[in-house]
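The values are calculated or read from the model by the stated rules, or taken from the named source; none is laboratory data. Computed from a predicted model, the values in this text were never measured in an experiment. We place every Cβ from the backbone using ideal geometry, glycine too, and count neighbours over all the protein chains shown.
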Amino acid sequence: MKRISHIHLQVSASNKAVLQFLLCSLRAAHWLHWTSHWQVKGKSFYGDHTLLDRIYNSLIEEIDSLAEKLVAEFGSESVDPAPQAQMMANKLIPIVEAKSMRDPILRALFVEESLQKIFKISYEVLKQRGFLSLGMDDYIMSIANAHETNLYLLRQRTESPMSKKAFNKENPTELINQLIKVLRKNAMNELVDYLYKNKIPQKVNQGWRERKKTPIHSDPFQKYFDENEDKNKMKDPFKY
Ligand SMILES: [Fe+2]
């Protein structure tokens, strides 16, 4: 089994596997964006609901084109539903849900950022293998281009003052501040005084700033990119 970051490809390393993974990623994106379309709420509901409607609908044509290319090249079993659904449910969607903390807009943003990485790596791998027909080259380029527009729209949205700032539970400084807020809210001021008297917030902040900076590989493919950043030669991540 080949490990790509935390994603395990269970199929044999092949051009078919690369395209199946790409198809699965697009289907997962469609599934997740559609869900986000239903789950957005609040002041910017209408704009978010409409934006996500536009994004998930645009994926249908992209998925359809790729699935038809797979069938033409590798036969109809290459798009069998069960392996696609399993990869989505067991690998891709849990990563996205953990990363976005179930915030529908952050989820959409993370999906689009991940898709760009997947397009890039799929393109480079297929090109290196000499498996990039003119049609496939054009296909990947055009979907990458369309999804860059999605990224632009979502980034504009998340930078707007109306956007909800997600609480970062992986940041200890934010955690200790959150704890103090909760303690104060519940009139546990003695405990707050104790924390300040013993300089706990400062110590946590200092420890966090001086932490050993090892990359956290929660993004699909990020580990691969980090490891290969300075290498000129493109490694083939789909090859055993
Ligand atoms: Fe709808």
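Right, Tyr123: within 16 Å of the ligand (Cβ to nearest atom), aromatic (Phe, Trp, Tyr) and assigned by TED's automatic domain parsing to the domain that holds Thr158 or not?
For Tyr123, the condition - within 16 Å of the ligand (Cβ to nearest atom), aromatic (Phe, Trp, Tyr) and assigned by TED's automatic domain parsing to the domain that holds Thr158 - is not met.
For the range 78-87, check the following and say yes or no: at least one residue is within 15 Å of Tyr139 (Cβ to Cβ), among the small types (Gly, Ala, Ser) and over 18 Å from the mean Cα position of the chain (by Cα).
Checked the range 78-87: no residue is within 15 Å of Tyr139 (Cβ to Cβ), among the small types (Gly, Ala, Ser) and over 18 Å from the mean Cα position of the chain (by Cα).
Taking the range 49-65, which residues are more than 12 Å from the ligand (Cβ to nearest atom) and not aliphatic (A, V, I, L, M)?
Ser58, Glu61, Glu62, Asp64, Ser65
Does Thr35 satisfy being closer than 19 Å to Leu92 by Cα, within 16 Å of the ligand (Cβ to nearest atom) and out of contact with any Asp or Glu (no Cβ under 9 Å at 6 or more places or on another chain)?
yes
So which of Ser58, Ser114, Ser25 ends up being surrounded by fewer than 19 Cβ atoms within 10 Å (Cβ to Cβ), of a type in the set (Gly, Ala, Ser) and under 19 Å from Ala144 (Cα atoms)?
Sole residue among the options that is surrounded by fewer than 19 Cβ atoms within 10 Å (Cβ to Cβ), of a type in the set (Gly, Ala, Ser) and under 19 Å from Ala144 (Cα atoms): Ser58.
Answer yes if at least one residue in the range 64-82 is closer than 24 Å to Leu151 by Cβ, in the same structural domain as Ser14 (by TED's automatic domain parsing), in contact with a Leu (Cβ under 9 Å, 6 or more places away or on another chain) and without any contact (Cβ under 8 Å) to a residue 40 or more places away in the chain, and no otherwise.
no
In this structure, is Asp64 touching a Gly at 6+ places or on another chain (Cβ under 9 Å) and either modelled with pLDDT under 95 or of a type in the set (Asp, Glu) (or both)?
no
Regarding Phe119, is this residue touching a Lys or Arg at 6+ places or on another chain (Cβ under 7 Å) and under 30 Å from Asn15 (Cα atoms)?
For Phe119, the condition - touching a Lys or Arg at 6+ places or on another chain (Cβ under 7 Å) and under 30 Å from Asn15 (Cα atoms) - is not met.
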